[in-house]
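A.B. asks: Here you go, one structure.
The values are calculated or read from the model by the stated rules, or taken from the named source; none is laboratory data. Just so we're clear, the structure is a prediction, and the values are computed from it rather than from any experiment. Cβ sites come from the backbone with ideal geometry, for glycine too, and all protein chains shown count toward neighbours. When the accessible area is computed, the model is the full protein with side chains, heavy atoms only, and any ligands, DNA or RNA have been set aside. Shrake-Rupley method; radii C 1.70, N 1.55, O 1.52, S 1.80 Å.
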Amino acid sequence: MIDSIDTSLIDWSRAQFAMTAIYHWLFVPLTLGLAVIMGIMETLYYRTGNEFWKRTAQFWMKLFGVNFAVGVATGLILEFEFGTNWSNYSWFVGDIFGAPLAIEGILAFFMEATFVAVMFFGWEKVSKRFHLLSTWLTGLGATISAWWILVANAWMQHPVGMAFNPDTMRNEMVDFWQVATSPVAVNKFLHTVLSGWVLGAIFVIGVSCWYLLKGRNRRFAVASVKVAAVFGLAASLLSAWTGDGSGYHVAQTQPMKLAAVEGLYEGGEGVGLVAVGALNPEKKRYDDGVEPFLFRVEIPGFLSLLAERDADAYVPGIADLIEGGYPQKDGTAALSAEEKMERGRKAIAALADYQSCKEKGDGQGASAARDTLEANMPYFGYGYVKDAGELVPNVPLNFYAFRVMVILGGYFILFFAVALFLAYRRDLSRARWMHVLALLTIPLGYLAGQAGWVVAECGRQPWAIQEMLPTAVAVSRLDAGSVRTTFFIFLFLFTVMLAAGIRIMISTIKKHHF
C-alpha cells in the first residue's frame with residue numbers, strides 16, 4: 001500500500017498541515033492568555049468601581065479581539081485539512097476523532113461567539129455583573145475549545161477507548177470518557193493552556209514596557225505589569241510542574257519519543273538527563289556504531305527519575321526499542337521492531353482474509369481470521385513499516401527543540417520574578433534595560449510554544465496515530481502538485497493575515513492614550 005504512494009505527496013501534505021498549525025498556534029496561546037488577564041482586570045473594576053480598571057480591560061480586549069478573529073480563520077482551515085489531505089485517517093478513526101471536534105464546534109465555539117459580542121458591545125447595555133460574566137465566559141469558551149482539540153490530539157498520541165470493527169474497517173469508540181479524560185489528555189490540556197497563559201503575560205508585560213520606554217501611559221503600564229507578572233509567574237511555575245507530568249506520560253506511552261528527545265541510543269538503569277550537549281552530525285542510524293554526542297553534560301539519574309519516578313529505573317534507548325529483548329514492567333521481554341512488523345503484517349493479512357471469507361459466506365474461515373486479527377491488532381500499524389529505521393523520529397530536531405522549550409521555560413520564571421520585583425519594590429519606569437528585555441521576550445514566548453509542538457508532533461513520527469496508523473497510510477490519494485499549489489496559496493494568505501493582524505495590533509498600541 002505504501003509503495004504505491006508518491007512520497008512527495010506525503011511530504012507536501014505534512015508540510016501544509018504543519019504550516020497551517022504553526023500559523024494557527026501564533027494566535028491561540030495569546031487568546032488564552034489575554035482572556036484571563038482582561039478577566040482579572042474587569043473583575044478589579046467590578047470590585048472597586050474604579051474606571052481606571054475598566055479602561056485597562058477595554059484596551060487589552062481590543063488586542064484580544066484582533067488576535068481572536070484571525071485565530072478562528074486559521075483554525076477552521078486546519079480542521080478542514082483532516083478531510084481534504086488526510087481522508088484515510090478520517091475514515092479509519094473518524095468515529096473517535098470527530099467526536100471531540102464536533103463537541104468543540106457545537107459547545108465551545110458557539111459559547112465564545114455568543115458572549116464575545118456581549119463583551120465587546122455590551123458595556124453600556126447590560127449590567128456590570130452580566131458583562132463581567134460574559135468576559136469570563138468568553139475566556140472559558142476559548143479554554144473549553146482548547147480542551148476538546150487537545151483531547152483529539154492526545155488521542156493521536158495515546159489511542160484509548162476504542163475497538164476495531166473489521167466489518168466496517170474502522171476504529172469505533174467504546175468508552176467516550178476514557179477518550180475525554182485520559183491522563184495524557186488532562187496533562188496535555190493543562191500544559192498547553194498554561195503555556196498560553198505564560199505567553200499572554202509576556203505579551204502584556206512587553207507592550208506595557210514599550211509604553212514605559214516611550215514615557216507614555218505610565219500608570220496604566222505599571223498596573224498592567226503588576227497583574228501580568230503575578231499571573232505569569234504562577235502560570236510558568238505550574239507549567240514546569242505539568243511539563244514534568246508530560247515527560248512521565250511520554251515515557252509510559254511513547255518511549256521512542258523520549259529516547260529521541262534525549263538522543264538516547266543505548267538505554268540502561270539510572271540514566272542521566274542531558275542538560276547541555278551537542279549531537280554528532282555523523283550519527284545517521286541507530287545501528288551505525290557512531291557516537292551520538294560530540295559532548296554532553298548530564299544530570300545523573302534524572303531521566304530515570306523523570307520517566308519512572310525512580311532514579312535507578314531502567315529506561316530503554318532507541319536501539320533497545322528497535323532490537324527488543326529488554327525487560328518490561330509486566331516481566332516479559334519487549335518485542336523487537338521486526339517482530340512487531342511481522343505481527344502487523346499478520347493482522348493486515350487476517351483482515352483481508354476475513355473480508356474475503358465474509359464475501360464467500362465462509363463463517364468458519366471468517367471466525368478464524370478474526371481471531372488472528374484480534375491477536376495481532378495491537379501491532380496493526382507496524383505492518384505498513386518496511387524498515388525498522390523508519391520508526392526512529394528525527395533525533396536532532398526533537399533533541400534541540402526540547403531544550404529550546406525547557407531553557408526558555410526556566411528563563412520565563414526568572415523574567416516574571418524580576419518584573420514583579422521591579423514593579424513592586426523598584427521604580428519600573430526607570431529600568432530601561434527591563435523595557436528592552438521585555439520587548440525581546442515577546443518572540444521568545446512564541447518560540448517556546450512552537451518548540452513544544454515540534455516535540456509533540458515530530459516526536460511521534462512516523463505515526464499519525466501512535467503505533468496504529470503510519471502517516472504514509474493516513475494521507476489522501478491526491479495529486480502532489482495540487483497539494484503543493486495549495487501549500488503556497490495558504491502560505492500567502494496566512495502571511496497576509498498575520499501581517500494584517502500584527503499591523504492592526506501595533507496601530508492600536510501606538511494610538512492608545514490612557
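A.B. asks: What translational diffusion coefficient, in µm²/s and rounded to a whole number, does the Stokes-Einstein relation yield for segment 147-292 at 10 °C and a viscosity of 1.306 mPa s, taking the hydrodynamic radius as the Kirkwood radius over Cα pairs?
C.D. replies: Numbers: Rh = 19.1 Å.
D = 83 µm²/s.
A.B. asks: For the residue pair LEU440 and PHE110, what label-to-label distance in nm results when each label sits 7 Å from Cα along the Cα-to-beta-carbon direction?
C.D. replies: 4.9 nm
A.B. asks: Tell me, what does the Kirkwood hydrodynamic radius of segment 78-121 come to in angstroms if you use every pair of distinct C-alpha atoms?
C.D. replies: So the Kirkwood estimate lands at 11.9 Å.
A.B. asks: Between the helical axis of 7-24 and the dominant principal axis of the chain, each derived from Cα atoms, what acute angle in degrees is found, rounded to the nearest 10?
C.D. replies: 20 degrees
A.B. asks: Using a 10 Å Cβ count of at most 12 others and DSSP loop calls, identify the longest part of the chain lacking such GluC sites (Glu not before Pro).
C.D. replies: Working: sites that count: GLU124, GLU282.
The answer is 283-514.
A.B. asks: What's the angle, to the nearest 10 degrees (0 to 90), between helix 51-84's Cα axis and the longest principal axis of the chain?
C.D. replies: The answer is roughly 20 degrees.
A.B. asks: Nearest 20 debye, what's the magnitude of the dipole of the chain about its Cα centre given +1 on Lys and Arg Cβ and -1 on Asp and Glu Cβ?
C.D. replies: Using only the charged Cβ atoms, the result is roughly 3600 debye.
A.B. asks: Mind computing the radius of gyration and Dmax over the alpha-carbon atoms of segment 431-483? Å is fine for both.
C.D. replies: 19.1, 58
A.B. asks: Another question, then. Using each residue's phi in segment 322-334, evaluate 6.51 cos²θ - 1.76 cosθ + 1.60 at θ = phi - 60° and report the 3J(HN,Hα) Karplus result to the nearest Hz, with x for Gly and Pro.
C.D. replies: Each residue of segment 322-334 in turn: 7, 7, x, x, 7, x, 9, 5, 7, x, 8, 8, 5 Hz.
A.B. asks: Here is a follow-up. About the Cα centre of segment 238-339, what is the dipole size in debye to 20, counting +1 per Lys and Arg Cβ and -1 per Asp and Glu Cβ, all else neutral?
C.D. replies: That gives a dipole near 380 debye.
A.B. asks: With θ set to phi - 60° and the Karplus curve 6.51 cos²θ - 1.76 cosθ + 1.60, what are the ³J(HN,Hα) couplings of segment 237-253 in order, to the nearest whole Hz, using x for Gly and Pro?
C.D. replies: Per residue, the Karplus-derived 3J(HN,Hα) values read 5, 5, 5, 5, 5, 6, x, 4, x, 4, x, 5, 5, 4, 4, 7, 10 Hz.
A.B. asks: Set Lys and Arg Cβ to +1 and Asp and Glu Cβ to -1, take the dipole of the chain about its Cα centre, and tell me which of GLY449, THR471, PHE295 lies farthest positive.
C.D. replies: So the residue furthest toward the plus end is GLY449.
A.B. asks: What does the convex hull of the Cα atoms come to per residue for segment 379-514, in Å³?
C.D. replies: Spelled out: Cα convex hull of segment 379-514, divided by residues, is 167 Å³.
A.B. asks: Collect residues whose amide H, placed 1.01 Å from N in the peptide plane, falls under 5 Å from the amide H of ALA334; neighbours closer than 5 in sequence don't count.
C.D. replies: The list, which skips near neighbours in sequence, is GLY325, TYR326, GLN328.
A.B. asks: Of all the C-alpha pairs in segment 310-445, what % are more than 25 Å from each other?
C.D. replies: Summing the P(r) tail past 25 Å for segment 310-445 gives 59 percent.
A.B. asks: Regarding segment 234-367, what is the average projected area of its C-alpha convex hull, in nm²?
C.D. replies: Averaged projected hull area, Cα only: 12.4 nm².
A.B. asks: Next question. Quick check: the angle from helix 363-376's long axis to the longest principal axis of the chain, C-alpha only, nearest 10 degrees?
C.D. replies: Approximately 50 degrees, to the nearest 10.
A.B. asks: Round to a whole angstrom and tell me the spacing of the C-alpha centers of segment 267-316 and segment 200-237.
C.D. replies: Spelled out, the Cα-based centre of one part sits 39 Å from the other.
A.B. asks: Compute the separation of the alpha-carbon centres of segment 339-361 and segment 436-514 and state it in Å as a whole number.
C.D. replies: 39 Å
A.B. asks: Still on this structure, I have one more. Over the chain, what percent of the accessible surface lies on carbon and sulfur atoms, probe 1.4 Å?
C.D. replies: Values: 14540 of 22930 Å².
Here it works out to 63 percent.
A.B. asks: Can you give the Rg to Rh ratio for segment 79-231, taking only C-alpha atoms and Rh from Kirkwood?
C.D. replies: Checking Rg against Rh, the ratio lands at 1.12.
A.B. asks: Please express the shape of segment 1-132 as an equivalent ellipsoid: the semi-axes are the square roots of 5 times the eigenvalues of the C-alpha gyration tensor, given largest first in whole angstrom. Could you put the intermediate results ahead of the total?
C.D. replies: Values: eigenvalues 330, 49, 19 Å².
Computed over segment 1-132, the values are 41, 16, 10 Å.
A.B. asks: Still on this structure, I have one more. Please compute the Kirkwood hydrodynamic radius over segment 379-426, one decimal place, Å, based on all pairs of different Cα atoms.
C.D. replies: Across segment 379-426, the inverse of the average 1/r is 14.4 Å.
A.B. asks: Would you rank ARG170, ARG484 by solvent-accessible area, highest first, keeping every protein chain in place and using a 1.4 Å probe?
C.D. replies: So the residues, ranked largest to smallest area, are ARG484, ARG170.
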